[in-house]
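In what follows, a structure is listed as structure tokens, so that the remarks can point back to it.
The values are calculated or read from the model by the stated rules, or taken from the named source; none is laboratory data. All values reported here derive from a predicted model rather than from experimental measurement. All Cβ positions, even for glycine, are placed from backbone atoms using ideal geometry, and neighbour counts span all protein chains on display. When the accessible area is computed, the model is the full protein with side chains, heavy atoms only, and any ligands, DNA or RNA have been set aside. Shrake-Rupley method; radii C 1.70, N 1.55, O 1.52, S 1.80 Å.
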Amino acid sequence: EYVFKVATHEMAVRFCCVDYDRELPCAAETLDGPRRIVGVARSVVAPSQQTAEFAILVADDFQRRGLGRLLAEKSAALCQRRG
């Protein structure tokens with residue numbers, strides 16, 4: 001059973017607008033055929049600037065192809081470059 005919650009305007013703004021001081025977004029899209037976002041990752045740096053959380057979403061038809069691993073590696077590299 002799934003529970004769906006309708007996003008409020010504030011939630012929608014939070015997901016769509018990136019705070020580049022604390023967040024590092026990353027997206028993967030197809031290159032052949034119609035362009036389509038097939039995976040996303042977002043890292044959020046803690047206020048202490050010492051740790052971060054990240055989440056990854058991969059489209060069902062692109063799972064088990066290494067895309068999640070690639071997004072995790074890219075996210076980690078972006079965080080490392082940022083310090």
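For the chain, with all protein chains in place and a probe radius of 1.4 Å, 57% of the accessible heavy-atom surface sits on carbon or sulfur. Once the 1.4 Å probe is applied to the protein heavy atoms, the chain comes out at 84 Å² accessible per residue. Just to confirm a number: summing +1 for Lys and Arg and -1 for Asp and Glu over residues other than residue 63 whose beta-carbon lies under 15 angstrom from that of residue 63, what do you get? So the environment of residue 63 carries a net charge of +2. Let me check I've understood the local charge: for residue 49, count other residues with C-beta under 12 angstrom from its C-beta, Lys and Arg +1, Asp and Glu -1. What total comes out? So the surrounding residues net to +1. Farthest toward the dipole's positive end in the chain, which of 39, 55, 66, given Cβ charges of +1 (Lys, Arg) and -1 (Asp, Glu) about the Cα centre? About the Cα centre, the residue reaching furthest to the positive side is 66. Taking all C-alpha pairs of the chain, those more than 14 Å from each other amount to 69 percent.
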